Amino acid sequence: MIATLPQPLADYFAAKNRHDIDAMLIPFSPDATVRDEGRTHRGPAAIRGWMEETTRKYRVTVEVAEATANGDAWRIAGIVSGNFPGSTATLHYNFTLADNRIALLEIGA
């Protein structure tokens, strides 16, 4: 059974699936950090750049397959499809929330 996602995560995945960069950025806190593909992106400008690059490159959509929470830490298993070798794949999105915003996102296999 999939846990009901908190609003910031639901909003992030909905925007990601529409490839809407502006809406994807809204749930992030101003001092958020994203770690993906061995790189770290801090703050709105760097996170926007990462979103633009990966959206343009991969055109990913994510179907949430499993979600678990431990306090403000959420682990999402997502079935990811897009323009990349091995599509469709399962990736794990590890979120930390603070003040109902995304403070940290780490993406990995």
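For the range 3-109, the set of trypsin sites (Lys or Arg not before Pro) satisfying both a DSSP loop assignment and a count of at most 13 other C-beta atoms within 10 Å is given as ARG59. Across the range 17-33, computed HN-Hα scalar couplings (Karplus, 6.51 cos²θ - 1.76 cosθ + 1.60, θ = phi - 60°) run 6, 8, 6, 9, 4, 4, 6, 5, 6, 3, x, 7, 6, x, 10, 5, 10 Hz from first to last residue, x flagging Gly and Pro.
In the chain, Rg over Rh equals 0.92, where Rg is the alpha-carbon radius of gyration and Rh the Kirkwood radius from pairwise Cα distances.
Each value in this text was obtained by applying a stated rule to the coordinates, not by laboratory testing. All values reported here derive from a predicted model rather than from experimental measurement. Ideal geometry is used to build each Cβ from the backbone, glycine not excepted, and the neighbour counts take in all protein chains shown.
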